[in-house]
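Trainee: Quick one: this structure, given as C-alpha cells, is what I'll be asking you about.
The values are calculated or read from the model by the stated rules, or taken from the named source; none is laboratory data. All values reported here derive from a predicted model rather than from experimental measurement. Cβ placement follows ideal geometry from the backbone for every residue including glycine, while neighbour counts extend to all protein chains displayed.
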Amino acid sequence: MAIRRTDVNVAKSASKQIGALSAKGVAAAFSDAVRIETADCVLLYVSGQTPIDDDGRTVGTTMAEQTRQVLERIRRIVEHEGGRMTDIVRVRVFVTDIGAEALRQVHQVRNEYFPAGVRPASTLVQISGIIRAGAMIEIDADAVIAKGA
C-alpha cells in the first residue's frame, strides 16, 4: 500500500506567530498538521492549536471564548484538507485551569462542535502554562477523512 506524507501549513509565517522565533527569523520546527494519505483515507494529525488570531494575538478572556477560537483554528485546518469536524477521532486538551467553571465552559463549547454521536476520544490535562501569553487552552486533534466521501 502506498502511503504519502505531506506537511500542512496554513499559518501565514514560518515562525507560526511565535514572538521568540519571529523576532530572530527562526522557523518553527513543526507543521500545522501532517497529512498521511492511504488508498482509502487521509489521516490528519493537527498540531496543538492555541487561541490566537492570524496575527498571533491571543483571542478571548474566558475559557469559552478561547476554546471556540482554538476549535475554529482546528476547523480551518481540517476543512483545508477536505475534512469536517465530524472526521476528528481524537483530541488532547491542555488547560491551565481545571476548575469546575472552566471545565463547564470547555465542554459547552466542545458540545457545539462535537454533538452526540460524533464525539472524539479525548484526554484533558491541567498544565502550568501555554506558549501564548494569556492563553488558557491548547488542543491538538487527529482526524480520519474518507476518500471520495
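Trainee: Residues in the stretch 17-35 that are basic (Lys, Arg) and over 25 Å from Gly83 (Cα atoms): how many? Outline the logic, then answer.
Mentor: First, pick out the residues of the stretch 17-35 that are basic (Lys, Arg): 24, 35.
Checking which are over 25 Å from Gly83 (Cα atoms) leaves us with 24.
Count: 1.
Trainee: Can you tell me which of Arg119, Arg76, Arg104, Arg90 is surrounded by fewer than 18 Cβ atoms within 10 Å (Cβ to Cβ) and closer than 19 Å to Ile18 by Cβ?
Mentor: Values: Arg119 fails: closer than 19 Å to Ile18 by Cβ; Arg104 fails: closer than 19 Å to Ile18 by Cβ; Arg90 fails: closer than 19 Å to Ile18 by Cβ.
The match here is Arg76.
Trainee: Please determine, by comparing only the residues of the stretch 43-54 that are over 25 Å from Val144 (Cβ atoms) and in contact (Cβ under 8 Å) with a residue 40 or more places away in the chain, which one is surrounded by the most Cβ atoms within 10 Å (Cβ to Cβ). Even if it seems obvious, please write down each step before you answer.
Mentor: Just the residues of the stretch 43-54 that are over 25 Å from Val144 (Cβ atoms), to begin with: 51-54.
Still in the list and also in contact (Cβ under 8 Å) with a residue 40 or more places away in the chain: 51-52, 54.
On the way: Pro51: 27, Ile52: 24, Asp54: 12.
Going through the qualifying residues, I end up with Pro51.
Trainee: What number of residues in the stretch 13-39 are out of contact with any Asp or Glu (no Cβ under 9 Å at 6 or more places or on another chain), over 20 Å from Gly134 (Cα atoms), surrounded by 15 or more Cβ atoms within 10 Å (Cβ to Cβ) and among the hydroxyl-bearing types (Ser, Thr, Tyr)?
Mentor: Residues that pass the stated criteria total 1.
Trainee: Now for a separate question. Scanning the stretch 131-140 for residues that are among the aliphatic types (A, V, I, L, M) and at pLDDT below 95, which turns out farthest from Ile18 (Cα to Cα)?
Mentor: So the first thing to find is which residues in the stretch 131-140 are among the aliphatic types (A, V, I, L, M), and the list is 131, 133, 135-137, 139.
Narrowing the set further to residues that are at pLDDT below 95 leaves 131, 133.
Values: Ile131: 8, Ala133: 10 Å.
Per the criteria, the residue is Ala133.
Trainee: Another question about this same structure. If Thr86 satisfies every condition in (1) within 17 Å of the chain's Cα centre (by Cα); (2) farther than 20 Å from Arg35 by Cβ; (3) of a type in the set (S, T, N, Q) but one, which is the exception?
Mentor: Every condition holds for Thr86 apart from (2).
Trainee: OK, next. Just to be sure before I move on: is Ala143 more than 21 Å from Ala64 (Cβ to Cβ), at pLDDT 95 or above and surrounded by fewer than 16 Cβ atoms within 10 Å (Cβ to Cβ) in the structure I sent?
Mentor: Values: more than 21 Å from Ala64 (Cβ to Cβ): yes; at pLDDT 95 or above: yes; surrounded by fewer than 16 Cβ atoms within 10 Å (Cβ to Cβ): no.
When the stated conditions are applied, Ala143 does not pass them.
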